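Read-outs: derived from the displayed coordinates by stated rules, not from any lab. Here the structure is a predicted model, which means the values were calculated and not measured. Note that each Cβ is placed from the backbone with ideal geometry, even for glycine, and that neighbours are counted across all protein chains shown.
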Amino acid sequence: MRRVLLAAAAACFAAAQGSAPAAAEASGQVRISQVQVAFLVSGNVGGGTLTFGGREYDFTLGGLGYGGFGAQKIEAQGEVYNLKRVEDFEGPYVQGRIGAVAGDVQAGGGMWLYNPAGVEIRLSSTREGYALSLGGDAVFIKLD
């Protein structure tokens, strides 16, 4: 529980930054599909595919966080930075998020994830549902 609280606190900081910090050249790409439900406290579950070093790796993800209202299905894609070994992709992340959706009408948004190994994931997304999203989450990624 302590680890989740520390990760959520770090997510608060990341979300407050307003945007992800600049990073060097992308070392991989990801596609993620997840469902998120929030009423001040949020939960999410999903999975995706990491493309790294010419190979594809499936993974699952789940987490808890704070901020937002509603429910939404999120399809996201983006780049992975600072990944040197596939093993460094797995583990706990903090996630900052911002965005809004009403049905399939979206008002922008994005997600940024960071882990203790220095891996950064920047995502752009399409969303379906009814939600206002502003906050942070502790997310755990597990390679399948």
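In loop segments of region 41-93 as defined by DSSP, the trypsin sites (Lys or Arg not before Pro) with at most 16 further C-beta atoms inside 10 Å of their C-beta are 84, 85. When every Cα-Cα distance of region 23-62 is counted in 5 angstrom steps from zero, the calculated P(r) takes the values 6, 20, 22, 17, 16, 11, 7, 2 percent. Potential lengthening of the chain between residue 128 and residue 58 amounts to 22.9 nm, from the contour at 0.36 nm per residue minus the alpha-carbon distance.
Once both labels are positioned 7 Å from their Cα atoms along Cα-to-Cβ, the gap between residue 85 and residue 73 label points is 3.8 nm.
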